[in-house]
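S.K.: I am attaching a structure below and will ask some questions about it afterwards.
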Amino acid sequence: PDVKAFPKVRELFERIKADGKVAALASSSSKEEINHCKKLAHIEDLVTTEVSGEDVERSKPQPDLFAVAVQRLATNSRNVLVVGDTPYDAEAARKSHLRSVGVLCGGFAEQELREAGAIGIYRDPEDLLSSYDQSPIK
């Protein structure tokens, strides 16, 4: 009951879709938790696929979640950018040969995210949206 969506998450997903890109969710959480978070953020209609901790043997910082997401998207890993809020996201992305950006709203320091492999750092989804045209997403 205490979980709330960060501001501008839906707008960020809408921008990604408007650019002809797709979004996948790859979370160590259960499918039920992912569905709950999608509803909170009002992005149920903007997610192409999702991978939960139930879909893989090993979770982040291992690359399994991202490997399954790339496979489900049926795309080349060069076309994928991970957005994560923990060093484990960036580390798993790096192990999957994916680029990643970090958002500080997960409570980790910028230095931790950079050391794990994040190529860009943003305060939160709203900051990433406002910097979209200069970000690695573009």
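S.K.: Name the residues in the range 1-15 that are aromatic (Phe, Trp, Tyr) and either assigned to a loop (DSSP other than H, G, I, E, B) or modelled with pLDDT under 95 (or both), would you? Show your work before the answer.
M.R.: Start the filter on the range 1-15 by keeping residues that are aromatic (Phe, Trp, Tyr), which leaves 6, 13.
Listed by number, the list holds a single entry, Phe6.
S.K.: Is there a residue in the range 49-57 that is in a loop (DSSP other than H, G, I, E, B), touching a helix residue (DSSP H, G or I) at 6+ places or on another chain (Cβ under 7 Å) and not hydrophobic (A, V, I, L, M, F, W, C)?
M.R.: Of all residues in the range 49-57, those in a loop (DSSP other than H, G, I, E, B) come to 52, 56-57.
Next, only the ones that are touching a helix residue (DSSP H, G or I) at 6+ places or on another chain (Cβ under 7 Å) stay: 52, 56-57.
Filter again for not hydrophobic (A, V, I, L, M, F, W, C), leaving 52, 57.
Yes, the range 49-57 contains a residue that is in a loop (DSSP other than H, G, I, E, B), touching a helix residue (DSSP H, G or I) at 6+ places or on another chain (Cβ under 7 Å) and not hydrophobic (A, V, I, L, M, F, W, C).
S.K.: Pick from Glu54, Glu91: which is under 25 Å from Asp2 (Cα atoms) and either touching an Asp or Glu at 6+ places or on another chain (Cβ under 6 Å) or charged (D, E, K, R) (or both)?
M.R.: On the way: Glu91 fails: under 25 Å from Asp2 (Cα atoms).
Matching residue, one of Glu54, Glu91: Glu54.
S.K.: Just wondering, is there one or more residues in the range 16-25 that are more than 23 Å from Lys4 (Cβ to Cβ), open to solvent by less than 70 Å² (accessible area, probe 1.4 Å), assigned to a loop (DSSP other than H, G, I, E, B) and in contact with a Lys or Arg (Cβ under 7 Å, 6 or more places away or on another chain)?
M.R.: no
S.K.: Shifting gears a bit: Just checking, which of Glu11, Glu32 is over 23 Å from Ser77 (Cα atoms) and open to solvent by 90 Å² or more (accessible area, probe 1.4 Å)? Before you say what the answer is, go through the steps one by one.
M.R.: Numbers: Glu11 fails: open to solvent by 90 Å² or more (accessible area, probe 1.4 Å).
Just one listed residue meets the conditions, Glu32.
S.K.: Give the range 69-90 a look and list any residue that's touching a Ser or Thr at 6+ places or on another chain (Cβ under 9 Å) and over 18 Å from Ile137 (Cα atoms), or say none.
M.R.: Of all residues in the range 69-90, those touching a Ser or Thr at 6+ places or on another chain (Cβ under 9 Å) come to 69-70, 72-73, 77, 80-84, 88-90.
Of everything in the range 69-90, those that are touching a Ser or Thr at 6+ places or on another chain (Cβ under 9 Å) and over 18 Å from Ile137 (Cα atoms) turn out to be Arg72, Tyr88.
The values are calculated or read from the model by the stated rules, or taken from the named source; none is laboratory data. Model, not experiment: these values are computed from the prediction. With ideal geometry, Cβ positions are generated from the backbone for all residues, glycine too; neighbour counts draw on all protein chains shown. Please note that ligands, DNA and RNA were not included when accessible areas were found on the heavy atoms of the full protein model with its side chains. Shrake-Rupley method; radii C 1.70, N 1.55, O 1.52, S 1.80 Å.
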